[in-house]
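Just below is one structure, and these are the notes that go with it.
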Amino acid sequence: MVRGVKKALTAEAFGKFLRWLSPNDESAVQEYQFIRLRLVRYFVHKGCSDPDDLFDKTIDVVVGKIEGGGEYPNPAAFCFGVAKNIWRQDLRERSSAAATRVEQNMAFATRPELPVLEQELKCLERCMGELSSGDREIVSQYHWGQGRDKIETRKRLADGAGGVNALRIKMCRIRKELRLCVAGCMKQGAN
């Protein structure tokens, strides 16, 4: 909920707000329409999904301030100042909600249950054991080391395999074989 909004807008409070805009009823309505147009445009320009709702919240806050006895000599400027604060608060709430959704999605995507990980690791070990000794050696060397060591190891493997492309194709084939084997093993474990 927006800070400053404590209760529902009453007809009496809104009438007081209009009289604050102008003592003349017709001028007050025109001033209200002018302020509404400017603030809705402002919220649209800021990329708000529901500018009319933010305008309503702005008016609720302004009416509350006027009803509380506040004196503000420039109605348009005061309304615009409140609108900026409403926009900032809406932005914080949307950012917070988006960050929470991203964190929740990341938590679900990156943290499988521990028993599932353990089973997957056991399946991978079993499937690695089913590879030929040459393929098993290539996989372990291909993923060994970091930085410069890894680069040098892969160059040696590429020379032995008949070139970089030949090594990549071989690794692609082995990975596919391992993925299928692990998926089959996991399916058997789930049954």
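Taking Cα centre as origin and charging only the Cβ of basic (Lys, Arg, +1) and acidic (Asp, Glu, -1) residues, the dipole magnitude of the chain rounds to 820 debye. Listed peptides 38-46, 70-78 appear in the order 38-46, 70-78 once ranked by packing, highest mean of other Cβ atoms within 10 Å at the front. Taking the Cα centre of the range 11-109 as the origin and placing charges on Cβ (Lys, Arg +1; Asp, Glu -1), which of V62, L37, C48 is farthest toward the positive end of the dipole? Positive-most Cα among the choices belongs to C48. The ranking of E31, E177 by Cβ neighbour count inside 10 Å, starting from the fewest, reads E177, E31. Scanning the chain for cysteines with no neighbouring cysteine C-beta under 4.7 angstrom from their C-beta gives C48, C79, C172. Take every pair of alpha-carbon atoms less than 8 Å apart whose residues are at least six positions apart; their mean separation over the length of the range 11-109 yields a relative contact order of 27 percent. When each of the peptides 13-23, 178-188 is scored by the mean number of other C-beta atoms lying within 10 Å of its residues, the order from highest to lowest reads 13-23, 178-188. Our summary gives the chain a relative contact order of 17 percent, counting only alpha carbon pairs under 8 angstrom and 6 or more residues apart. Using the rule -39500 (n - 2.57) for each DSSP H run of four or more residues, divided by the residues of the chain, the 222 nm mean residue ellipticity is -27500 deg cm²/dmol. A dipole drawn for the chain from +1 and -1 charges on Cβ atoms has a positive end, and of G160, P73, C123 the residue lying farthest that way is G160.
Readers should treat all values here as calculations from the given coordinates under stated rules, not as data from a laboratory. In this text, all values refer to a predicted model and were calculated from it rather than measured experimentally. Every residue, glycine among them, receives a Cβ derived from its backbone with ideal geometry; neighbour counts consider all protein chains shown.
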